[in-house]
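See below for the structure under consideration.
The values are calculated or read from the model by the stated rules, or taken from the named source; none is laboratory data. These numbers come from a predicted model, not from an experiment. In this analysis, Cβ positions are derived from the backbone assuming ideal geometry, glycine residues included, and neighbour counts consider all displayed protein chains. Remember, those area values only see protein heavy atoms, side chains included, never the ligands or the DNA or RNA. Shrake-Rupley method; radii C 1.70, N 1.55, O 1.52, S 1.80 Å.
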Amino acid sequence: MAKVLVYGSGGRDHCLADKYADSQHVDKVFFMPGNPGVAHTPKGKRGLIERVAPDAADDFEAVARFCREQAVDLVDIGSENPLSRGLVDVLNAHGIATVGPQQEFARIESDRAFTDFLLTAAGVPKPAYRVFNDPDKARRYVRNIGYQVVVKANGLAAGKGALVCDDAAAAEAAVDAIMVERRFGDAGRRVVVEERKYGSEISFFAYLDGRHVMPLRMFCQDYKPAFDPEDHETIERFGGNLNTGGTGCYCPHRLVGDALVNRIVREIVNPTVEVIYNRLGWPYKGVLYFGLNLDDDNALSVFEINVRHGDPEFEVLARKLSSDLFEIGMAVWEGRLDRVRQVWNARHYVDVIAMEGRSKASRGWNPGYPKRYGKGHAITGLDRLERGLAVYFAGVDEHDERSLVTYGGRVLHLVAGGDTLEQARRTAYANIEKLAFVDHRQNGANCMRYRRTIGL
Ligand code: GLY
């Protein structure tokens, strides 16, 4: 039997660990640095998924030593940051098998100018855009551009660094938020000002093994805005419907079908992979995530490429995928993707993310995610959830007295399945209502918030 290490700590990483633990070939999944939520799931309790959080998780040589000592067969790296810092390069130098691109190849996500070069070389349509190092020049540009834009932090911002703007004033404010206030940290040293596209957003994924490409013939819809569109009062209080890394997701996307999948593969995936393998000569092994727009004239364009699975997209795709993830992961490493069969079950899945909402601060109030949010609220109701649901933990911590408590803005994913989308939605919402984030300092006030329109 095999051992896998999933490197990461968020909801997508917990889901990866869970999916590897389902493999018929795997009897142990290490989750590093992981999160304490895992111990509250059946697979965590049985020891199938074990959290290992050495102080040295940031020391990649120490991670490699751990893998050698424990005879780990495969390491899957869930997020872009360790990829960009070269974790794969270090592990491969020690002969350890990995799913994830090398440091140099992670530029596809971390450097928008490079993404643009790639898409241009591939002849793949993309929105018009410009990059700025200077906030004054960026402000002047958005004031005069004459169409709506999305302002993005150029560096890595975990899928959160994009501000969708309705007018020039909002675009100027977005430049300030990213470049001056540094809302997304150093990722905001440069901004990308991109033409805003209308239509349907599609998150599309493909596995690469250095020689072959296996596009997933299934895709899903992420819900990035923080609030339901009809929640006017909150949107006004927050100064707009801020974009997040995702507040929920459903799968299959209402547009999934052979004709569109074939078009995406032909027009977008194959030309991009052709440049990566043949023009750049890169033996890329891992996931490519294409953020796509299908406009009202039925034209496809790419607004982002990432070097990892989407979060929360993977949480629903993993439930829908019946193939063995360890077999896919080993095929990625060994260059055998041409021999892998992807099997999808017939069900529908909805992921609703429970977030930290408004809570009392020591002085005044925390507005809640995606702005400043409170921490340390006890997560209750998990024992009342129906069987058969998946819970993937993200921003959680362990407290001596209050057990599992909130720690991040996006706290947990509740994923429900059903024979129809409506049934999956009903189950997800009937169950998330059983949960609460309890503030013991405020007479047990519930600080949990979630969007009510996922899947609609
Ligand atoms: N769901 C968006 C992302 O993962 O970047």
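Tabulated data for the structure shown
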quantity: Members of the range 259-313 found to be of a type in the set (S, T, N, Q) and under 23 Å from ALA128 (Cβ atoms), listed by number; calculated: THR272, ASN293, ASN298, SER301, ASN306
quantity: Unmet requirement for ASP228, which otherwise passes all of (1) over 28 Å from VAL332 (Cα atoms); (2) surrounded by fewer than 17 Cβ atoms within 10 Å (Cβ to Cβ); calculated: (2)
quantity: Residue in the range 230-250 that is of a type outside the set (Val, Ile, Thr), within 14 Å of CYS220 (Cβ to Cβ) and away from the ligand (no atom under 16 Å from the Cβ) present; calculated: no
quantity: PHE184 vs. criteria within 16 Å of the ligand (Cβ to nearest atom) and more than 30 Å from GLU267 (Cα to Cα); calculated: yes
quantity: Flag for ARG308 being open to solvent by 10 Å² or more (accessible area, probe 1.4 Å), within 29 Å of ALA162 (Cβ to Cβ) and not in a strand (DSSP E or B); calculated: yes
quantity: Elements of type strands (runs of 3 or more DSSP E) contained in the range 367-456, each with 2 or more residues being open to solvent by 50 Å² or more (accessible area, probe 1.4 Å); calculated: 396-399
quantity: Subset of the range 426-456 (residues that are within 22 Å of PRO370 (Cβ to Cβ) and basic (Lys, Arg)); calculated: ARG449, ARG451, ARG452
quantity: Lone unmet requirement of (1) under 24 Å from TYR250 (Cβ atoms); (2) over 24 Å from the mean Cα position of the chain (by Cα) for ARG425; calculated: (2)
quantity: Residue in the range 140-154 that is assigned to a helix (DSSP H, G or I) and open to solvent by less than 60 Å² (accessible area, probe 1.4 Å) present; calculated: yes
quantity: Failed item, numbered, when GLN103 is tested on (1) farther than 26 Å from ASP397 by Cβ; (2) in contact with a Phe, Trp or Tyr (Cβ under 6 Å, 6 or more places away or on another chain); calculated: (2)
quantity: Any hit, the range 268-278, residues being away from the ligand (no atom under 14 Å from the Cβ), in a loop (DSSP other than H, G, I, E, B), open to solvent by 20 Å² or more (accessible area, probe 1.4 Å) and not small (Gly, Ala, Ser); calculated: no
quantity: The one condition in (1) away from the ligand (no atom under 16 Å from the Cβ); (2) touching a helix residue (DSSP H, G or I) at 6+ places or on another chain (Cβ under 6 Å); (3) farther than 30 Å from LEU208 by Cβ that LYS137 fails to fulfil; calculated: (2)
quantity: Residue in the range 324-333 that is open to solvent by 20 Å² or more (accessible area, probe 1.4 Å), more than 23 Å from the chain's Cα centre (by Cα) and not aromatic (Phe, Trp, Tyr) present; calculated: no
quantity: Residue satisfying all of: in the range 183-227; among the charged types (D, E, K, R) and closer than 17 Å to ALA171 by Cα; nearest to the chain's Cα centre (by Cα) among these; calculated: ARG183
quantity: Answer from VAL302, VAL265 - the residue that is farther than 23 Å from ARG183 by Cβ and within 16 Å of the ligand (Cβ to nearest atom); calculated: VAL302
quantity: Residue, nearest to the ligand (Cβ to nearest atom), within the range 279-288, restricted to residues that are open to solvent by 10 Å² or more (accessible area, probe 1.4 Å) and touching a Gly at 6+ places or on another chain (Cβ under 6 Å); calculated: LYS285
quantity: Filtered residue count, the range 322-354, keeping only those that are in a strand (DSSP E or B) and either in contact with a Ser or Thr (Cβ under 7 Å, 6 or more places away or on another chain) or free of Cβ contacts under 8 Å to residues at least 12 places away in the same chain (or both); calculated: 3
quantity: Counted residues, the range 126-138 - those being surrounded by 20 or more Cβ atoms within 10 Å (Cβ to Cβ) and farther than 15 Å from ALA187 by Cβ; calculated: 1
quantity: Selection from the range 431-454 of residues that are of a type in the set (Gly, Ala, Ser) and in contact with an Asp or Glu (Cβ under 8 Å, 6 or more places away or on another chain); calculated: ALA445
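Each row is one residue, and each column tells you yes or no for (1) at pLDDT 90 or above; (2) crowded, with 20+ Cβ neighbours inside 10 Å.
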{"residue": "ALA171", "(1), (2)": "no, yes"}
{"residue": "PHE184", "(1), (2)": "no, yes"}
{"residue": "ARG189", "(1), (2)": "no, no"}
{"residue": "PHE205", "(1), (2)": "yes, yes"}
